[in-house]
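Reviewing the structure listed below.
The values are calculated or read from the model by the stated rules, or taken from the named source; none is laboratory data. Keep in mind the model is a prediction, meaning the values are calculated, not measured. In this analysis, Cβ positions are derived from the backbone assuming ideal geometry, glycine residues included, and neighbour counts consider all displayed protein chains.
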Amino acid sequence: MSGKANLKELIVISGKGGTGKTSLLGAFASLAKDKVLCDADVDAADLYLILEPEIKERQDFQEGHRAVIDREKCTECGLCRELCRFHAISPEFKVDPIDCEGCGVCVYFCPEDAIDFPIKTCGELFISETRCGPMVHARLGIAEDNSGKLVTLTRKHAKELATERGFDLILTDGPPGLACPVIASIAGATGVLIVTEPTLSGHHDMDRVVELAHHFEIPAYVCVNKFDLNPSMTDTIEAYAQDRGLPVMGRIPFDPSFTEAMVQKQTIIEYDGSSNAARAVKGIWERLISSL
Amino acid sequence: MIISIASGKGGTGKTTIATNLAVALAPDVKLLDCDVEEPNDHIFIRPEITHTERVSLKVPQVDMSKCSLCGRCQEICQFQAIVVVGKTALTFHELCHSCGGCVEVCPEDAITEIDREMGIFESGSRNGLEFGHARLFVGQVMAVPLIERVKADVEPDKLNIIDAPPGTSCPVISSVKNTDFVILVTEPTPFGLNDLRLAVGMVKILNIPHGIIINRSDLGDRKVEEYANEENIPILMEIPFSRQIAETYSQGKLLVEELPDWREKFIHLYEEIKDYVRKS
């Protein structure tokens, strides 16, 4: 199913973790009308803690395979151990489920046909209703792989849901980092909002994620959270963003209300809509939605 | 001994703990930054880099003059990284997991492996502290092979400190696997607690002794402490929120150098961890 022609998908990312992606996305959820919410941080999904979704539909996420040796049939010839590049097979011919890459080379070459290759259930996907609108979220099993594929599936369901409801906006909470799950989160998006903080680390990580957005030709916007913890670093980051042609959407002050709101399972807009932080977030949202 | 530092949630202070612990205990310490997607330790350590190495992954190359288009390579590949279309075999290197199956299965010996660069590994030192990290090239999907390169620099006779990326999936597992103790850094908020539970689940699967550090311990609520008590996980250290600490961090400076009280605290942290490792 393809989305509406004018369907817009905004992804909030950061490179560095803990800059406030989820708190900010929660605030946007309070401000935006007629949208689908999507939590693409499947490895450490937190948006549900604020929005308390009522789960309407759940499905298993099955992806990839894992080798299992049938000891009855195994003659311990050792070919599998020789071929396995991931050192996943022990001298006792047991497959370590964490090391097994699911490449199937051992399964293919075992002369005794002694290796099974069952499909794995790596996580769960949920379609829910929240007080801020419908939400698609997921949970990757602990120590599971294929997070990128679960991200892609989560976004696909969000698009279908938006089309079904006739909504033209999807707000997506992205994962930290730069590799597989982040790439799966931003590929083909309308725009990304990069949330950074005024630290050398925040600047360094933003730099890399800006390059990533550029690599995939996705328009990027920038905002600085907790800007007053180091105002001169904030200036440096904003100047850098402008140099790179990235529109700066605004700055948010450090405010313990964000944490207090989270503890109360509320967005900052719901918790204290007149606070400086909430006003800053509203300004960012208005500029962002008119830029998209 | 190998101590790894992890957290489900990002931005809780892994880098702060890893860099300060390493500097407090230097020399005879090796700090390895396994967050190859967003490495930050070097900002605080400012090492002199003495070794640089391009890290690559083996990917297939098909010699079409030998290929009989039998399609076995496509059949064995679980990652859709090699496909026979019409009169040619196409490879998609960014999807390749480097398992070598296609090379092994090809009856015509038409497939060889070439190197595909995915990142850069660097090592060096500062004031006797040895340092290693890697940087994934932007646009590259797989972090694990690069993390393994960083971990290959572990020196078993020394104290090794490994800074892991956030989360609980493959890059984190690969970073903390085979370490003797995991420090889980969290913050006392609902997000912090939720992601801490996931991280504890992960270290339990890996069966590694672990303890908790609560950062910005006076913001939020007391639920992380309650959880740690219920689960019998030791709380190793609490770091209160302070603008001074936040500013020190923001400038890429170390607590143990700017606020000398912290040096003792980090040395004590290490003594405590040694005790836990000995008892386990």
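Considering only residues that are among the basic types (Lys, Arg) and at the interface with chain A (Cβ under 9 Å from one of its Cβ atoms), look in the stretch B:182-216 and name the one that is farthest from the chain's Cα centre (by Cα). Let's see the steps before the verdict.
Step one: list which residues in the stretch B:182-216 are among the basic types (Lys, Arg), which gives B:197, B:204, B:216.
Restricting the remaining residues to those that are at the interface with chain A (Cβ under 9 Å from one of its Cβ atoms) gives B:204, B:216.
Working: B:204: 18, B:216: 23 Å.
Checked the stretch B:182-216; the qualifying residue farthest from the chain's Cα centre (by Cα) is B:216.
Consider the stretch A:129-160. How many of its residues are within 14 Å of another protein chain (Cβ to nearest Cβ), assigned to a helix (DSSP H, G or I) and in contact (Cβ under 8 Å) with a residue 40 or more places away in the chain?
Here is the first cut: in the stretch A:129-160, the ones within 14 Å of another protein chain (Cβ to nearest Cβ) are A:137-152.
Now narrow it down to the ones that are assigned to a helix (DSSP H, G or I): A:147-152.
Checking the rest, the ones that are also in contact (Cβ under 8 Å) with a residue 40 or more places away in the chain come to A:147, A:149-151.
So the answer is 4.
Which helices (runs of 4 or more DSSP H) does the stretch A:1-94 wholly contain that include 1 or more residues that are in the same structural domain as residue A:129 (by TED's automatic domain parsing) and closer than 30 Å to residue A:262 by Cα? If you could, list the steps in order and put the result at the bottom.
Details: elements: A:21-31, A:47-51, A:79-83.
Answer list for the stretch A:1-94: A:21-31, A:47-51.
Give B:270, B:249, B:276 a once-over and let me know the one that is closer than 26 Å to residue A:261 by Cα, hydroxyl-bearing (Ser, Thr, Tyr) and either surrounded by fewer than 22 Cβ atoms within 10 Å (Cβ to Cβ) or touching a residue at least 40 places away in the same chain (Cβ under 8 Å) (or both). Show your work before the answer.
Values: B:270 fails: closer than 26 Å to residue A:261 by Cα; B:276 fails: closer than 26 Å to residue A:261 by Cα.
Selected residue: B:249, the only one of B:270, B:249, B:276 that is closer than 26 Å to residue A:261 by Cα, hydroxyl-bearing (Ser, Thr, Tyr) and either surrounded by fewer than 22 Cβ atoms within 10 Å (Cβ to Cβ) or touching a residue at least 40 places away in the same chain (Cβ under 8 Å) (or both).
Any residue at all in the stretch B:150-164 that is surrounded by fewer than 17 Cβ atoms within 10 Å (Cβ to Cβ), within 24 Å of residue B:274 (Cα to Cα), touching a residue at least 40 places away in the same chain (Cβ under 8 Å) and basic (Lys, Arg)?
Yes, the stretch B:150-164 contains at least one residue that is surrounded by fewer than 17 Cβ atoms within 10 Å (Cβ to Cβ), within 24 Å of residue B:274 (Cα to Cα), touching a residue at least 40 places away in the same chain (Cβ under 8 Å) and basic (Lys, Arg).
Tell me, which residue of the stretch A:1-58 that is among the hydroxyl-bearing types (Ser, Thr, Tyr) and under 27 Å from residue B:170 (Cα atoms) is surrounded by the fewest Cβ atoms within 10 Å (Cβ to Cβ)? I'd like the intermediate steps shown before the answer.
Taking the stretch A:1-58 as the starting set, the residues that turn out to be among the hydroxyl-bearing types (Ser, Thr, Tyr) are A:2, A:14, A:19, A:22-23, A:30, A:48.
Those left that are additionally under 27 Å from residue B:170 (Cα atoms): A:14, A:19, A:22-23, A:48.
Details: A:14: 29, A:19: 28, A:22: 26, A:23: 26, A:48: 20.
Only one residue tops the list, namely A:48.
Take the stretch B:104-119 and flag every residue that is under 24 Å from residue A:145 (Cβ atoms) and either in contact with a Lys or Arg (Cβ under 6 Å, 6 or more places away or on another chain) or surrounded by fewer than 19 Cβ atoms within 10 Å (Cβ to Cβ) (or both).
The first filter runs over the stretch B:104-119 and keeps only residues under 24 Å from residue A:145 (Cβ atoms), leaving B:104-105, B:113, B:115-119.
Hits for the stretch B:104-119 are B:104, B:105, B:113, B:115, B:116, B:117, B:119.
State yes or no: is residue A:119 within 9 Å of chain B (Cβ to nearest Cβ) and either over 12 Å from residue A:56 (Cβ atoms) or more than 11 Å from the chain's Cα centre (by Cα) (or both)?
On the way: within 9 Å of chain B (Cβ to nearest Cβ): no; either over 12 Å from residue A:56 (Cβ atoms) or more than 11 Å from the chain's Cα centre (by Cα) (or both): yes.
No.
With respect to residue B:56, is the statement that it is out of contact with any strand residue (DSSP E or B) (no Cβ under 9 Å at 6 or more places or on another chain), farther than 30 Å from residue B:239 by Cα and modelled with pLDDT of 95 or more true? Spell out the reasoning first.
Details: out of contact with any strand residue (DSSP E or B) (no Cβ under 9 Å at 6 or more places or on another chain): no; farther than 30 Å from residue B:239 by Cα: yes; modelled with pLDDT of 95 or more: yes.
So residue B:56 does not fit the description; no.
Just checking, which of A:74, A:132 is touching a Phe, Trp or Tyr at 6+ places or on another chain (Cβ under 8 Å), surrounded by 14 or more Cβ atoms within 10 Å (Cβ to Cβ) and at pLDDT 95 or above? Don't jump to the end; show me each part of the working.
On the way: A:132 fails: touching a Phe, Trp or Tyr at 6+ places or on another chain (Cβ under 8 Å).
Exactly one residue qualifies, and that residue is A:74.
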